[in-house]
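This report refers to the structure that appears directly beneath it.
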Amino acid sequence: DAGVTQSPTHLIKTRGQQVTLRCSPKSGHDTVSWYQQALGQGPQFIFQYYEEEERQRGNFPDRFSGHQFPNYSSELNVNALLLGDSALYLCASSFLPGGGTDTQYFGPGTRLTVL
Amino acid sequence: QKEVEQDPGPLSVPEGAIVSLNCTYSNSAFQYFMWYRQYSRKGPELLMYTYSSGNKEDGRFTAQVDKSSKYISLFIRDSQPSDSATYLCAMDRIQGAQKLVFGQGTRLTINP
């Protein structure tokens, strides 16, 4: 059973560009959350998708947007990249049967470097 | 002030030692407390999950939560070199919300 997968593994962009990161959740999971982890810091919650809609959002600007597809996979898009967007972007998946659970499974992350 | 404070270390101990990792938090709304382990170049892996105050034990790992002091701990007994990793505490307000607030992480090295 494949766990959470993310692509690409690494990415280098320049300031002002746009980037799309992808995530496939663990089999049987229907909810995807995205986190940003700067070097030497803990992950910070960006947003969460459930039933193809943004369910909740952290303190990130509108430059950060996302999408969830009918197969539960998800994309994270970042527009107008800034140097400060350089980080490890983590995807976490879980199953939300009504009340929900806090057991999230994290992928290996995508390392984004903005030059 | 950050909602969750965690000493980043680094912490280095000999194999077999008891390791104590700690976090403090400021928001009394947090009800669910987790510890994650993150190896280099990997995503975080859930180690322990605790609701409200009290202790929880799983093998060599024990998690403690003291809500009155807003303080949580993770103890590792008989530490092994394979325990070398970054340990992250995380908290949530509502069960199932999954809007986790993480500490900075403590980098731990177990020396053979």
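The values are calculated or read from the model by the stated rules, or taken from the named source; none is laboratory data. Source: prediction; values computed, not measured. Glycine also receives a Cβ, built like all others from the backbone with ideal geometry; neighbour counts cover every protein chain displayed.
The requirement of being under 30 Å from A:SER7 (Cβ atoms), among the β-branched types (Val, Ile, Thr) and modelled with pLDDT of 95 or more is satisfied by B:THR86. Among the residues of the range A:100-115, are any in contact with a Leu (Cβ under 8 Å, 6 or more places away or on another chain), modelled with pLDDT of 95 or more, buried (at least 18 other Cβ atoms within 10 Å of the Cβ) and farther than 13 Å from B:GLY43 by Cα? Yes, the range A:100-115 contains a residue that is in contact with a Leu (Cβ under 8 Å, 6 or more places away or on another chain), modelled with pLDDT of 95 or more, buried (at least 18 other Cβ atoms within 10 Å of the Cβ) and farther than 13 Å from B:GLY43 by Cα.
Residue count for the range B:1-19 satisfying the condition of being within 24 Å of A:ALA87 (Cα to Cα) and part of a strand (DSSP E or B): 4. Looking across the range B:3-42, just one residue is without any contact (Cβ under 8 Å) to a residue 24 or more places away in the chain and under 13 Å from B:LEU88 (Cβ atoms), and that is B:LYS42.
If you go through the range A:31-60 and pick out every residue that is at the interface with chain B (Cβ under 7 Å from one of its Cβ atoms), touching a residue at least 40 places away in the same chain (Cβ under 8 Å) and either touching an Asp or Glu at 6+ places or on another chain (Cβ under 7 Å) or not hydroxyl-bearing (Ser, Thr, Tyr) (or both), you end up with 1.
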